[in-house]
Amino acid sequence: MTDPELRVSKIEDGTVIDHISGGQALNVLAILGIDGSGGVAVSVGINVPSDRLGGKDIVKVEGRELSQNEVDVLSLIAPAATINIIRDFEVAEKHRVSRPGEVTGVLSCPNANCITTEAEPIDSHFEVLGEGVRCRYCDTIIRESIADHISVA
Ligand SMILES: Nc1ncnc2c1ncn2[C@@H]1O[C@H](COP(=O)(O)OP(=O)(O)OP(=O)(O)O)[C@@H](O)[C@H]1O
Ligand SMILES: [Mg+2]
Ligand SMILES: [Zn+2]
């Protein structure tokens, strides 16, 4: 096999998330809620050689497309990512991610008293700042390690 990005067999339908910042692949899986239990077939490449990025990670998910909320949070930890929609073994669509103005769901507020983390939680909602994100309900700012605040489904 000559293409180093195709170490595993091609997928028929699904999503290839390419050009993920090195080391972020497992966080991308967390954003997608993939923990190995759902029966979804996933291949992960970590530190794959890349001309453009030096080293990159790549995640291939079979039979699944991403929601806009997932793509929005993904863009915060992997700003150079490319989302390739695979249909019938070919790249049918390719999208670059862009930094959104706000993100809904996926992240959870670190403030235990926040209305979004109480007994009957409502969806989290963060405003995206130049660096980090700010909870719309309690103004708590997550500045670093955004991936540590991905909510577990
Ligand atoms: N059927 C498939 N199954 C699994 N992976 C695939 C499939 N088709 C393409 N890919 C992978 O999806 C990514 C995008 O494919 P593409 O053919 O557009 O590559 P590319 O020209 O290098 O794209 P880019 O310019 O975005 O780097 C590559 O990592 C490629 O290996
Ligand atoms: Mg490429
Ligand atoms: Zn909050």
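The values are calculated or read from the model by the stated rules, or taken from the named source; none is laboratory data. Computed from a prediction, not measured in an experiment: that's the story for all the values here. Because the Cβ atoms are built from the backbone with ideal geometry, glycine has one as well, and the counts that use them run over all protein chains shown. The accessibility values were calculated without ligands, DNA or RNA, using every heavy atom of the protein model including side chains. Shrake-Rupley method; radii C 1.70, N 1.55, O 1.52, S 1.80 Å.
Can you run down the residue pairs with Cβ atoms below 7 Å, 6 or more apart or on separate chains, where the first is in region 76-91 and outside the structural domain of L66 (by TED's automatic domain parsing) and the partner is near ligand 1 (Cβ under 10 Å from one of its atoms) and in a strand (DSSP E or B)?
Pairs that qualify, where the first residue is outside the structural domain of L66 (by TED's automatic domain parsing) and the partner is near ligand 1 (Cβ under 10 Å from one of its atoms) and in a strand (DSSP E or B): there are none.
From the list A92, A80, exactly one residue is under 24 Å from R143 (Cα atoms), out of contact with any helix residue (DSSP H, G or I) (no Cβ under 8 Å at 6 or more places or on another chain), open to solvent by 20 Å² or more (accessible area, probe 1.4 Å) and not in a helix (DSSP H, G or I). Which is it?
Of A92, A80, the one residue that is under 24 Å from R143 (Cα atoms), out of contact with any helix residue (DSSP H, G or I) (no Cβ under 8 Å at 6 or more places or on another chain), open to solvent by 20 Å² or more (accessible area, probe 1.4 Å) and not in a helix (DSSP H, G or I) is A80.
Go through (1) under 24 Å from I142 (Cα atoms); (2) open to solvent by less than 30 Å² (accessible area, probe 1.4 Å); (3) modelled with pLDDT under 95 and name the single condition I20 misses.
Among (1) under 24 Å from I142 (Cα atoms); (2) open to solvent by less than 30 Å² (accessible area, probe 1.4 Å); (3) modelled with pLDDT under 95, I20 violates only (3).
Hey, among the residues in region 95-110 that are farther than 18 Å from L29 by Cβ and in contact with a helix residue (DSSP H, G or I) (Cβ under 7 Å, 6 or more places away or on another chain), which one's farthest from ligand 3 (Cβ to nearest atom)?
S98
Residue by residue through region 62-77, note down the ones that are under 12 Å from D13 (Cβ atoms) and in a loop (DSSP other than H, G, I, E, B).
G63, R64, E65, listed by residue number.
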